[in-house]
Amino acid sequence: MSTVKLTVNGKAVTVAVEDRTLLVHLLRENLNLTGTHVGCDTSQCGACIVHIDGKAVKSCTTLAGQVDGANITTIEGISKGDQLHPMQAAFRDNHGLQCGYCTPGMIMSAIDIVHRHNGDLDEQTVRHELEGNICRCTGYHNIVKSVLDAAGRMKVAQAAE
Ligand code: FES
Ligand code: FES
């Protein structure tokens with residue numbers, strides 16, 4: 001066992017974990033943050049993506065002990081109270097949700113994509129960047145539309161800050 005100290009969605013947490021504990025299990029089982037999903041456990045589907053120090057990372061293949069001291073954001077931490085994050089709002093408005101299983105990982109990945117490209121995205125880039133996120137509903141069209149819409153909304157939101 002070892003002790004891991006993290007900041008999760010802005011709150012400091014200290015958790016005793018076994019050395020083999022994966023970050024996704026710490027989030028879901030120790031902290032009850034079940035918005036982060038497990039779809040494959042083999043780093044292929046992206047359902048488990050969270051932000052570690054601002055970058056999208058697959059939490060199913062990250063040991064909790066590896067991220068001691070890190071700042072973690074999960075899908076539960078991106079809205080401002082009742083106000084959805086622009087990416088969440090864009091998924092809702094463009095019907096990017098479908099069954100919703102892959103959605104938390106898609107959204108966390110997509111926010112990072114928008115940041116890395118400074119909001120300058122085209123369809124081809126979004127499709128390429130989302131290669132690490134699998135949607136079993138196979139309806140990528142509305143997901144891509146959502147990300148492109150959110151890129152514009154995030155620019156507007158940033159300009160307003
Ligand atoms: S559960 Fe992590 S990539 Fe699928
Ligand atoms: S929305 Fe169903 S798996 Fe993606």
Check: Rounded to the nearest 500, what is the chain's calculated 222 nm mean residue ellipticity when only DSSP H runs of at least 4 contribute -39500 (n - 2.57) each, over all residues?
Finding: -9500 deg cm²/dmol
Note to self: Using a Gaussian network model on the chain with a 10 Å cutoff between Cα atoms, which of Q83, Q98, Q44 fluctuates the most?
What the structure shows: Q83
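Over segment 2-92, give the accessible area per residue in Å² for a 1.4 Å probe, as an integer.
Values: 4480 Å² over 91 residues.
About 49 Å² of surface per residue is accessible.
Leaving out ligands, DNA and RNA, and with a 1.4 Å probe, what % of the accessible surface on segment 1-100 is carbon or sulfur?
C and S fraction of accessible area: 46 percent.
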Item checked: Local electrostatic count at R20 - Lys and Arg +1, Asp and Glu -1, tallied over other residues with Cβ under 14 Å -> -4
Margin query: Check which residues have an amide H placed less than 5 Å from A56's amide H, if you skip close sequence neighbours.
Written below: none
Margin query: Show me, for segment 22-30, the HN-Hα J-couplings you get by feeding each phi into the Karplus relation (A = 6.51, B = -1.76, C = 1.60, θ = phi - 60°), rounded to Hz, glycine and proline as x.
Written below: 8, 4, 4, 6, 4, 5, 6, 8, 7
Next item on the list: Would you compute, for the Cα atoms of the chain, the largest minus smallest coordinate along each principal axis and list the three values in descending order, in whole Å?
Entry: 46, 36, 26
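Test of understanding: express the Cα radius of gyration of segment 1-69 as a ratio to 2.2 N^0.38 Å, with N the residue count. Display every interim value, and only then the final one.
Values: Rg = 11.0 Å, N = 69, 2.2 N^0.38 = 11.0 Å.
Cα-based Rg divided by the globular estimate yields 1.00.
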Margin query: Please check: in the Gaussian network model of the chain (C-alpha springs, under 10 Å), which one of G39, G119, G69 has the largest mean-square fluctuation.
Written below: G69
Check: Amide H to amide H, which residues 5 or more places from T62 or on other chains are under 5 Å from it, using H placed in the peptide plane?
Finding: L23, V24
Notebook entry, point to check: Mind listing the phi-derived Karplus ³J(HN,Hα) values for segment 71-85, rounded to whole Hz, using 6.51, -1.76 and 1.60 with θ = phi - 60°, and x for any glycine or proline?
Noted result: 9, 10, 10, 10, 4, 6, x, 9, 7, 9, x, 7, 8, 5, 5
Notebook entry, point to check: Which whole-Hz couplings ³J(HN,Hα) result when phi for each residue of segment 105-115 is put into the Karplus expression 6.51 cos²θ - 1.76 cosθ + 1.60, θ = phi - 60°, listed in order with x for Gly and Pro?
Noted result: x, 4, 5, 5, 5, 5, 4, 5, 4, 4, 4
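The values are calculated or read from the model by the stated rules, or taken from the named source; none is laboratory data. In this text, all values refer to a predicted model and were calculated from it rather than measured experimentally. Glycine gets a Cβ as well: all are built from the backbone with ideal geometry, and neighbour counts include every protein chain shown. Each accessible area value is taken on the protein alone, full model and side chains, heavy atoms only, with ligands, DNA and RNA left out. Shrake-Rupley method; radii C 1.70, N 1.55, O 1.52, S 1.80 Å.
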